[in-house]
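Peer 1: Before anything else, here's the structure in question.
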Amino acid sequence: MTDLLALILTPLTPELNTEIRRRFQQPTVEVEGLYALCEALQDVPSDDFLPGWWLDAAVSRFWLCLHVDWKASDEVEWQVQAIARSLHLPGTFVSAVGNSPRATTPDVLTEAAAWLRRQGYELLALDTGGDEYLSVPIRLDLLRQALTTADQSSLSTSLY
């Protein structure tokens, strides 16, 4: 999984790259596998969850793993916004379908993946075996390598 992590971290500064690798190698909570990867890729604020905290680099330095429950379509938008901020992408993702009462999490994920694709990234879904969605942004030019790496690590992947 460290090879996949290296591909995810490619666009980051050397300092953040080193910090996230350290977090992955020395997790602060008892998690393993994909959850350890996700934990390392999310800089969750220590206590204050002020409105819009995910857009403030002083509160959350990086957010590179989208992790939502199967029915939490309303959480996709802010997590994609946090990913975009972390990758210094132009523009802001705003879901056109997310506020619809009929919107499903896959609907919003598909829309978010299309937006990220226009920014030069693919949203790589990693199958946890559970009922949640866990995805990481991969630069389009590294996608084939990421899919091969995930396959060699026996990770089940898909694209939205």
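Peer 1: Quick check on segment 123-130. Is at least one of its residues assigned to a strand (DSSP E or B), open to solvent by less than 30 Å² (accessible area, probe 1.4 Å), touching a Pro at 6+ places or on another chain (Cβ under 7 Å) and within 16 Å of Pro11 (Cβ to Cβ)?
Peer 2: Within segment 123-130 (the criterion being assigned to a strand (DSSP E or B), open to solvent by less than 30 Å² (accessible area, probe 1.4 Å), touching a Pro at 6+ places or on another chain (Cβ under 7 Å) and within 16 Å of Pro11 (Cβ to Cβ)), the answer is yes, since at least one residue qualifies.
Peer 1: From Trp63, Trp70, grab the single residue that is in contact with a Phe, Trp or Tyr (Cβ under 8 Å, 6 or more places away or on another chain) and touching a residue at least 60 places away in the same chain (Cβ under 8 Å). Give the derivation first.
Peer 2: Numbers: Trp63 fails: touching a residue at least 60 places away in the same chain (Cβ under 8 Å).
After applying the criteria, what remains is Trp70.
Peer 1: Any residue at all in segment 139-146 that's open to solvent by less than 10 Å² (accessible area, probe 1.4 Å), at pLDDT 95 or above and within 13 Å of the chain's Cα centre (by Cα)?
Peer 2: Scanning segment 139-146, I find no residue that is open to solvent by less than 10 Å² (accessible area, probe 1.4 Å), at pLDDT 95 or above and within 13 Å of the chain's Cα centre (by Cα), so the answer is no.
Peer 1: Next question, about the same structure. Anything in segment 131-146 that is among the aliphatic types (A, V, I, L, M) and either assigned to a loop (DSSP other than H, G, I, E, B) or over 12 Å from Thr10 (Cβ atoms) (or both)? List them, or say none.
Peer 2: Going residue by residue through segment 131-146, those that are among the aliphatic types (A, V, I, L, M) are 134, 136, 138, 140, 142-143, 146.
The answer is Leu134, and nothing else.
Peer 1: Another question about this same structure. Cβ-Cβ under 7 Å, sequence separation 6+ or interchain: first residue in segment 13-25 and without any contact (Cβ under 8 Å) to a residue 60 or more places away in the chain, partner of a type in the set (Gly, Ala, Ser). Which pairs?
Peer 2: Ile20/Ala40; Arg23/Ala40; Phe24/Ala36; Phe24/Ala40
Peer 1: Further question: At least 3 residues that are open to solvent by 70 Å² or more (accessible area, probe 1.4 Å) in each: list the helices (runs of 4 or more DSSP H) lying fully within segment 1-117 that qualify.
Peer 2: 14-25
Peer 1: Pick from segment 147-160 the residues that are outside any helix (DSSP H, G or I) and without any contact (Cβ under 8 Å) to a residue 40 or more places away in the chain: which of them is farthest from the chain's Cα centre (by Cα)?
Peer 2: Among residues in segment 147-160 that are outside any helix (DSSP H, G or I) and without any contact (Cβ under 8 Å) to a residue 40 or more places away in the chain, the one farthest from the chain's Cα centre (by Cα) is Ser154.
The values are calculated or read from the model by the stated rules, or taken from the named source; none is laboratory data. From a predicted model like this one, the values you see are computed outputs, not experimental measurements. Using ideal geometry, Cβ is built from the backbone for each residue, glycine included, and neighbour counts are taken over all protein chains shown. All accessible areas refer to the heavy atoms of the entire protein, side chains included, with ligands and DNA or RNA removed. Shrake-Rupley method; radii C 1.70, N 1.55, O 1.52, S 1.80 Å.
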